Amino acid sequence: MEDAAHRRLWWCILLRDRSLSLCLRRQAQVSSFEMQMIEDHPTEKYFEAEIHGSRVYDSKTKRMLFKVFQEQCQLAALLTEMVSLTLGTHGISLSNLTRESVQDTYLLVNRVETSLTLWEKASYSSSSLLKDVHVAVTKGIKLTMVHYQAARITLAHYKAFLVEKYSDSFGNDYFYHLSRIGSMLVDAMTQMICIMQYFSKTGQIESLPLTLLGHVTLPLILSAIDFKLSPSESERASRRRTFQCLGE
């Protein structure tokens, strides 16, 4: 029982650390070395007491909540390399990279991006079985996807930084890479705004973690810019609703 409690504590520490890293764009406090202390992902057997004894939710909902927690832990583990790469040095150590080093770094970033994409495809958010689930499950999934989209936004910014700073290293592929990065950034930001709108419209703001405030800043700024640049009155009305929703 003590071992199970220690494992759960480590995973909670890791989740909080990755959440704060993405939210505040700061270095991770739990490194890949310390990650070695966590031997495996959480399993349902460590939560049997809650699943069968707790009266808060029914057993089916509790198992689904555990699955959401498990996926959050998987995502947190995947983010270890990304956080170290993109936030560990705040981008200041890339001043004198060789062409080969730039390409290697860019390939590493793409590998991280691929691993995140594979995680998303296998996650609960992509499941067609999530109809009529408890609101707590939906909220947990949405919060998980906030971290996923925040990671994509961070990756896109880092990739754009690499391409712009070392444009000569990308040659004729410069505009191709920028176009792909732009598409990724637009998609991630759109998804992030949709999630924030969901929380606002469902009145769940009071029960959400404070770290969510750090993720709403950029969507709020971009929505304000979109609102100011509206090409027509109808677009202006639509974008005003989005801006006001995020501002709440």
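Things worth noting here:
- For the chain, the average shadow cast by the Cα convex hull is 15.9 nm², which is a quarter of the hull's surface.
- Segment residue 55..residue 117, full-extension length gain: 18.7 nm, with 0.36 nm per residue of separation and the alpha-carbon distance subtracted.
- Between 212, 229, 75, the residue with the greatest mean-square fluctuation in the GNM of the chain (Cα pairs under 10 Å linked by springs) is 229.
- Most positive-pole-ward Cα, 149, 229, 105, against dipole of the range 2-247 from beta carbon charges: 229
- In sequence order, the range 111-116 has phi-based couplings of 5, 4, 4, 5, 5, 5 Hz under the Karplus curve 6.51 cos²θ - 1.76 cosθ + 1.60, θ = phi - 60°, and Gly or Pro positions carry x.
- Only the Cβ atoms of Lys and Arg (+1) and of Asp and Glu (-1) were treated as charged; on that basis the dipole of the range 2-247 about its Cα centre amounts to roughly 800 debye.
- Taken one residue at a time, the phi angles of the range 137-148 give Karplus couplings (6.51, -1.76, 1.60, θ = phi - 60°) of 5, 4, 5, x, 5, 4, 5, 4, 6, 4, 5, 5 Hz. Gly and Pro are set to x.
- For the chain, built as a Gaussian network whose Cα springs stay under 10 Å, the top-fluctuating residue of 237, 150, 160: 237
FYI, it's all coordinate maths here, none of it is from the lab. Everything quoted here is computed from the prediction, not taken from an experiment. Reconstructed Cβ throughout: ideal geometry from the backbone, glycine too, with neighbour counts over all protein chains shown.
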